Each structure stands twice: as structure tokens, then as C-alpha cells.
Amino acid sequence: MNTSSPSTAKSESTSSTSPPTSRKPTSCSVLIWIYRISNILPYCVWAVFSSLRAFAISGRNWQLASSVLLLLFVPIGVNIYFITLDRPLNLPAPIYCTDSSSVTVSTNFMYVFYQLISARDLYAIYRLVVISCSCSIVADALVLATTWFKTYEIIRAAAEARTRAYLGILLLRDGTVYFG
């Protein structure tokens, strides 16, 4: 005979099926976060390096350097936005652990699950990707144009001084190979 009250029996049955209130990170979620950070970190390094490069080549022009830095933070922000949409999934072998969707601009954009995303959402994702890539291209173009302009100034000064300055050597020295 059951001596517990009906409300106690109900709470016992629902507590076994309800999700826990405090969630501990699983090994899958820890791996996914390491993966996410390792995808974003190179973008941060690239943004800082490019802005410092623009700052040094332009003769300490902080407006140019900050513009390059802000433009290169756009892909970082877009990737962070996509990361917030992902959820770690524990799967059976041989996959074990993955994101709920692999939508990151950096590497896995072509693996969007088209069945799970509406056409309107897919269009919004494409727009974000185009904006992200456009900002990266503009930032690189600014640094490249600055490099070429400063190289031209060196060649012109060498011509005025009647010395030889080879364009190939100057471009290698000043870093256009960085963009190749």
C-alpha cells in the first residue's frame, strides 16, 4: 500500500523525467568550446597583426590602423554570432561529439543543413557571409594600398637621389608577399 500522498508521488515521477536544473559541462561541450575558440583565435591574431602592420607602414596613422582593426573584427563578430546558434550534440560512434549545425564562416559554411534552415534564414546567413568577407577584403586592400603607396614613395625618392631601387626587392621587403 502506498503511504505517500498523490502530490508526492506525482513530484517523484516528474523529477525522474525532468531535466536537471544545474547543468554540468559534458566532455562534448568542453571539446566543442575548445574547437570554437581555436576557430576564432586566428581571426583575432590576423586582425591585430594587420592593424599593427598598417600602423607601422603608414607612419603611425592610427585612423588607418583602427579602421583595419574594426573591419577585421566583423568576421569575428559574425563567427561569434554563429557560435551562439550552435549546440553541442553527443552522438554515437564514430562521430561522438559535434555542433548542432556547422555554420561558421571560417571553414564549414558549405555544410549548412539546408533541410533545417528556412529560405529566409539561409538568405540572412548568406548576407552575413557576404558582409563578413567584404570587410575582410576591404581591410586587406587598405593595407595593400598603403604598402604600395609607401613603396612608390621609396622608388620616387631613390629616383630623385639617382640611385637604383628595384621594385621586386622593395615589394618583398615591404611585405606584398604577405598578401600572396
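The values are calculated or read from the model by the stated rules, or taken from the named source; none is laboratory data. All values derive from a computational prediction rather than experimental measurement. Don't worry about glycine lacking a Cβ; one is built from the backbone with ideal geometry, like all the others, and counts go over all protein chains shown.
Considering only segment 106-121, I want to know if a residue exists there that is assigned to a loop (DSSP other than H, G, I, E, B), modelled with pLDDT under 75, under 29 Å from residue 64 (Cα atoms) and among the hydroxyl-bearing types (Ser, Thr, Tyr).
Scanning segment 106-121 turns up at least one residue that is assigned to a loop (DSSP other than H, G, I, E, B), modelled with pLDDT under 75, under 29 Å from residue 64 (Cα atoms) and among the hydroxyl-bearing types (Ser, Thr, Tyr).
Does residue 144 meet the test of being surrounded by 12 or more Cβ atoms within 10 Å (Cβ to Cβ) and either modelled with pLDDT under 70 or under 26 Å from residue 47 (Cα atoms) (or both)?
When the stated conditions are applied, residue 144 passes them.
Looking at this structure, is residue 79 crowded, with 19+ Cβ neighbours inside 10 Å and not hydrophobic (A, V, I, L, M, F, W, C)?
Spelling it out, residue 79 is indeed crowded, with 19+ Cβ neighbours inside 10 Å and not hydrophobic (A, V, I, L, M, F, W, C).
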